[in-house]
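Notes follow once the structure below has been shown.
The values are calculated or read from the model by the stated rules, or taken from the named source; none is laboratory data. As the structure is a prediction and not an experimental result, all values here were calculated from the model. Every residue, glycine among them, receives a Cβ derived from its backbone with ideal geometry; neighbour counts consider all protein chains shown. Only protein heavy atoms, including side chains, enter the accessible area calculation; ligands, DNA and RNA are left aside. Shrake-Rupley method; radii C 1.70, N 1.55, O 1.52, S 1.80 Å.
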Amino acid sequence: MKKILLINFCLAILFFGITGCAVKTEEETPEIVRRQAAGVEDELLHIGLIQTGKESGWRDANTNDYLNTFIKERGYDLIYIDGNSSPERQVKAMQDLIQQKVDYIILQPIVETGWEEAVNQANEEGIPVIVADRQIAVDKEKYVAWTGSDFYEEGRKAVDWLETYLIEEGRQKEDLNIVLLEGNKGATATTGRTSGLRDGIKNHSNWNIIASECANFTQGEAQTVMEQILTKVYPSEIDVVIAENDNMMFGAMKAMERKEISFGPEGDIITISFDALGDAFSKMVSGELHASIECNPLLASSVENIIQDLEDGKQIKGKCFYIEENVYDYKNASQHIKERTY
Ligand code: GYE
């Protein structure tokens, strides 16, 4: 059954200003008015998913979650498009999905910018866009809702963890040199975590970021970037390595191993990353990784709830739906490692 929605948020666009999901809001979305489907094709809901690529273990878990949720047996026909780490390819994917007249588009953008035109086209065709994971810089009335993580908060949590750890170790007065490996430029996950980290680090006059480099969330690039950093900085000058995802930390670890630099709770350098993948738990248990700030990749059920509410003609209460997340470290990892399914 091809359900086409005429969404009066097209009109609402004219009346609301541009704001993203930086501030948690409780406002209601405009009521959605449905119109009769133009052409009945099958009993399935046709959903287009635009994914970023395959840059990390987080991404694999996230993709699998969608592939396992939006299945035929549950009433969905999922068209999965891999953005291949190319923002242009993602925009083209949205235009293709609009042409195919899918019922919904789930957008997981690589970067925030460049979406205005494609999202306008989706609005014109009455195809609801649900944004997940990272955000987009368009008038928020142009998409139904966003769901994902509070990346700024994740950055702050990393700093909080480090503060507590140093106090426990009696090292809070020491000068601390930090190497930071960042995700791809223009991604909400990068900007949020980086500003959360930097804002927290600023509060410590004895903490200093001695290198911060982009490694695009990938293990391979992080290894190369860390190898380059180690040609410029003496290992003894590095106190902490923070990587904005686990895979970049694994790459940095490879680079340090090659130079026989010891790291982790059993070594000399404090290691902190984000995501909390199963492999990160293993490294916390084995004494290589200090802490991983959880970023939950299992977003499909949250997206499905939004779609089902729209299908039921309900109002979506709120625009931004944040996922609950924890902090894991080498002390509590062994208690939780078995819960981790990805
Ligand atoms: O942390 C990283 C990934 O946007 C939250 O992207 C996501 C990030 C995640 O590839 O591993």
Backbone N under 15 Å from the residue 160 label point (7 Å along Cα→Cβ), restricted to region 301-339: 323-329
Length added when fully stretched, residue 204-residue 262, from 0.36 nm per residue minus Cα-Cα: 18.4 nm
Compactness index (Cα Rg / 2.2 N^0.38 Å), region 162-226: 1.24
Among 113, 211, 159 - extreme Cα towards positive end, dipole of the chain, charges at beta-carbon: 113
Whole-Hz ³J(HN,Hα) from phi, Karplus 6.51 cos²θ - 1.76 cosθ + 1.60, for region 319-325, glycine and proline x: 10, 10, 10, 8, 9, 5, 9
³J(HN,Hα), Karplus 6.51/-1.76/1.60, whole Hz, each residue of region 134-141, x for Gly, Pro: 7, 10, 10, 8, 10, 3, 5, 6
Residues of region 217-316: accessible area per residue with a 1.4 Å probe, Å²: 36
Exposure of residue 259 as accessible area (Å², to 10), given a probe of 1.4 Å and all protein chains: 120
Nearest-10 value in Å² for the accessible area of residue 224, using the 1.4 Å probe: 70
Kirkwood hydrodynamic radius of region 95-195, from inverse mean 1/r over distinct Cα pairs, in Å: 16.0
Fraction of accessible area attributable to carbon and sulfur, the chain (%, probe 1.4 Å): 48
Net length gained if the chain between residue 236 and residue 314 were fully extended (0.36 nm per residue, minus Cα distance): 22.2 nm
The chain, helix-only ellipticity at 222 nm - DSSP H runs n ≥ 4, -39,500 (n - 2.57), divided by all residues, nearest 500: -11000 deg cm²/dmol
Tilt relative to the chain, helix 57-69 - C-alpha long axis, 0 to 90 degrees, to 10: 30
Total formal charge among the other residues, if their Cβ is under 10 angstrom from that of residue 210, Lys/Arg +1 and Asp/Glu -1: -1
Gain in span if fully extended, residue 213 to residue 175, counting 0.36 nm per residue against the direct Cα distance: 11.6 nm
Rounded tilt (10° steps) of 151-168 against the dominant C-alpha axis of the chain: 20
5 Å binning of all Cα-Cα separations within region 197-326, expressed as whole percents from 0 upward: 2, 9, 17, 18, 16, 11, 7, 6, 5, 4, 2, 1, 0
Coil-residue trypsin sites (Lys or Arg not before Pro) of region 133-199, DSSP, other Cβ within 10 Å capped at 13: 171, 173, 185
With Cα atoms, 0 to 90° folded angle of helix 219-232 axis to the chain main axis: 40
Point-charge dipole on Cβ atoms (K/R +1, D/E -1) for the chain, about Cα centre, debye to 20: 360
Distant-in-sequence amide H partners of residue 176 (H built 1.01 Å from N, under 5 Å): 207, 208
All-pairs alpha carbon distance profile, the chain, 10 Å steps from 0, percent: 5, 25, 31, 20, 13, 5, 1
